[in-house]
Structure formats: C-alpha cells, structure tokens
Amino acid sequence: MSSGCPPQSPAVAKTEVAVDGECPLLAATFAYWDNILGPRVRHIWAPKGNQVMYLSDGEVTFLANHTLNGEILRSAECGAVDVKFFVLAEKGVIIVSLIFDGELKGDKNTCALSIILPQTELGFYLPLHTICVERLKHVIRRGRIWMQKGYNIISVLGLEIIPIMELLASMKTHSVPDDIHIKDTVLNDDDIGDSCHEDFLHKAISSHLQTCGCSMVVGSNPEKVNKIVRTLCLFLTPSERKCSRLCRPDSSFKYDTGLFVQGLLKDSTGSFVLPFRQVLYSPYPTTHIDVDINTVKQMPPCHEHTYNQRRYIRSELSALWRSDSEDDIPPDTVIHTDETFTPDLNIFQDVMHKDTLVKSFIDEVFMLKPGLSLRSTYLAQFLLLLHRKALTLLKYIEDET
C-alpha cells in the first residue's frame, strides 16, 4: 500500500494514544485546505500497541488528504458539518470525514476531521457510526469557537478523539452479543426473587422501556451487573445490542455517551462518579440502575431531556465564546456560566410512572417452566404486543389531530 504515497510532511504533528486491547481505529486526522499547497494534514492521532493493520504516517497523510479533494467549491450554511463516508477498497480502508469551515491563521478554511478504519471492520463500525459522528460534531462546534479565537483546536479535538478510540476498543472486546440466550439473564431464574427483588426487576425493565431502551447498570459485582445488562438487552433490537456494552471484571469502563445499555463497576469505596456533561449529552434519557442497593432512577422524559440538552449546549458554547484566554475555561470541564440557565445537577429522579404491562409480563413469565424455549417465545410475544400497542397509539393520535 505504501507505493504511490508521499512521505510525511515534517510539519505534521502526531499523538500516540495508549489504548487497552486492540483498537480497530487505525488513525484519526485533522486536515485543512491550504489555498497555495492544497490539502494539508495538521495532526494525526494513532493508537499504540496491536492493530488490525499498520499504516505508516505517510499513508495516513495520503488518505487524509483524499478527504478534502473536491471540497474547494464547497457551499454550505455557516456552521454546517457535512459527513462523508469513503470506502477505499483498493487501499483496504474506510474513512469517515466531517467537513466544516473554520478559521486558521486569520483565513477561512475548509477543514476535515477524519477517522480511518480497516475495511474488514465495516460491519463492526456501522452500528456505532451515529454515536461517533454525533460526538465528533459537538467537539467540532467547540473547536470552531477555539479556532475563531485563535486558540489551539488540537487540544479540543483530542478531548473526543481519544475517548472514541477507547470506546471502539472496549466495544471490540465487551460488546453485548447479537443473540442473547435467556439462560444468561434474570428471566431464567426458577422464581422471581432468586437474583433480585421482584419490585426492583419490575422498575428496572419498566424504566428501561420508558427511557427509549437506554440504561446504565452500576454495581460492585461484575457478574450481577452483566446479568442485568443482558436482561435489559433482551428488550432491544439486534442493532441496538451492538451499541451496548458489558462491564469488565477487573476495572470499570468510563461512562460513554450514546450507548444503549452499559455496565459500570463501582470503585473500591463503593461509588461511581457520573460525568454530568456526558450523561446530559446522551441522545435519549437514561435509566440509572444500582444492583447493590436495588434502586432505579430515571432522567426526565425525552422531550424535557432534549430541551435541557440544547440549553446546556448553548450555555457551554456561550461560555467558551466569552473566555478571555485559552486556559481561562478548560474545554472539558465547562458546566455553565449563563445566568439565565442553571442546569439541575440532580438529573435522576424516582420512577413515577407505574405500569401494568411489565408487571403482568414478569408475573406470567415466571409461571412458565425454566430451561425451555417457552420463556423466550413468551418474551417475543410480549415485545410484539408492545409494538402493536405503540402503532395503535400513533394511529389514534394521527386520527385525532
């Protein structure tokens, strides 16, 4: 693959990122269009350690330059971010590029933030594409402000590039399988109270469904946490399960925005600190389930969550814009400085909406004999019932409005 690739420019800086395990991402790049020299790569992020395939810095630069070809006549609204997906079969890679306008050295330039993966990882990456793109879009919003103020955008972009590398590496080893056997879940117990209290299971599943299938399960026992994670994933589609993650037994992953269900281990003191900003930036409200003390909390409904999220984003970007120096407000720790909006840090509330459908399902499924396919069949019937009821409700709303 090295044939035909120009040597790396000495001006290209590189950051090597230490990632646990095998990272499927080959590199991330930030490039811009120079009106004299054409496409230029300004920075490369590459994981250390084992990789599926190796790319030299010159090859990464060659591929990154490819993303800006043809963008010289780009016409887009101010602040727009275009997402381009390249599959270069002859090079054996896929490139996801986010094209945007920004100011460099006082001039307006077309820029590209890209991630490069092997083509063999296409099936693994596609379910996670939306998660990665949305997270990169927001860091670009922050980065454009930093660029316009003449600050270093590389430090801002690294705040999201590195966590995305860690996310992809963790999903490679600990993602929830597409096909979950009911024997690995709470629904295979002989009786309701074998693994957890009946009311706790009822609240956990009910709130999980109310928050669009998004939940975090925290606890000190990894086996118990993963058992609840698999149970909740029974209520997700196969593509949503590919965006869910089990906890690892030795140490906890960080909370990752955008995953549907994720297991998180508490530290040695029995606590787990949730990052407020990342939780609020989740595309859907989230259920918080603690398997140690059998508590279930949930964020406000979807419409309130979206409203609060947008106000927080505006507040954060306004704070960055008003900063007087690059070190005045660290880009990853801004909460709010807008007097007109004070976010509620206590975003998780008790489950207030009681339901009868999940309660009846739990009571009835445990009446069936465990160890057979009866409970799996009954679960499929219950999910079909929920789907049909939702369609009926939507049709009713359409007819009434």
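The values are calculated or read from the model by the stated rules, or taken from the named source; none is laboratory data. As the structure is a computational prediction, the values presented were derived from the model and not from experiment. As a convention, Cβ positions derive from the backbone with ideal geometry for all residues, glycine included, and neighbour counts pool all protein chains shown. What goes into the accessible areas is simple: the full protein's heavy atoms, side chains included, and nothing from ligands, DNA or RNA. Shrake-Rupley method; radii C 1.70, N 1.55, O 1.52, S 1.80 Å.
Here are the numbers:
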item: Test: residue in the stretch 149-167 that is within 18 Å of the chain's Cα centre (by Cα) and either on the phi > 0 side of the Ramachandran plot or not in a helix (DSSP H, G or I) (or both); result: no
item: Top-ranked residue in the stretch 49-72 [being hydrophobic (A, V, I, L, M, F, W, C) and more than 18 Å from Leu98 (Cβ to Cβ); ranked as modelled with the lowest pLDDT]; result: Val52
item: In the stretch 83-136, the residues that are farther than 17 Å from Met165 by Cβ and charged (D, E, K, R); result: Lys84, Glu90, Lys91, Asp101, Glu103, Lys105, Asp107, Lys108
item: Residue among Tyr396, Tyr312 that is in a helix (DSSP H, G or I) and modelled with pLDDT under 90; result: Tyr312
item: Residues of the stretch 245-289 satisfying the condition of being open to solvent by 20 Å² or more (accessible area, probe 1.4 Å) and assigned to a strand (DSSP E or B); result: His288
item: The stretch 89-109, residues that are at pLDDT 85 or above, of a type outside the set (D, E, K, R) and either part of a strand (DSSP E or B) or farther than 24 Å from Tyr125 by Cα (or both); result: Val93, Ile94, Ile95, Val96, Ser97, Leu98, Ile99, Phe100
item: Scan of the stretch 346-365 for residues that are part of a loop (DSSP other than H, G, I, E, B) and under 17 Å from Phe235 (Cα atoms), ordered by number; result: Asp355, Thr356
item: Flag for Glu198 being of a type in the set (Asp, Glu), open to solvent by 40 Å² or more (accessible area, probe 1.4 Å) and closer than 14 Å to Val291 by Cα; result: yes
item: Subset of the stretch 110-125 (residues that are open to solvent by less than 10 Å² (accessible area, probe 1.4 Å) and either in a helix (DSSP H, G or I) or without any contact (Cβ under 8 Å) to a residue 24 or more places away in the chain (or both)); result: Tyr125
item: Hits in the stretch 374-383 - residues which are open to solvent by less than 80 Å² (accessible area, probe 1.4 Å) and either without any contact (Cβ under 8 Å) to a residue 60 or more places away in the chain or among the basic types (Lys, Arg) (or both); result: Arg375, Tyr378, Ala380, Phe382
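Here's the yes/no breakdown for (1) surrounded by fewer than 19 Cβ atoms within 10 Å (Cβ to Cβ); (2) modelled with pLDDT under 90; (3) of a type in the set (D, E, K, R):
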residue	(1), (2), (3)
Gly150	yes, yes, no
Ser155	yes, yes, no
Met165	no, no, no
Asp179	yes, yes, yes
Asp189	yes, yes, yes
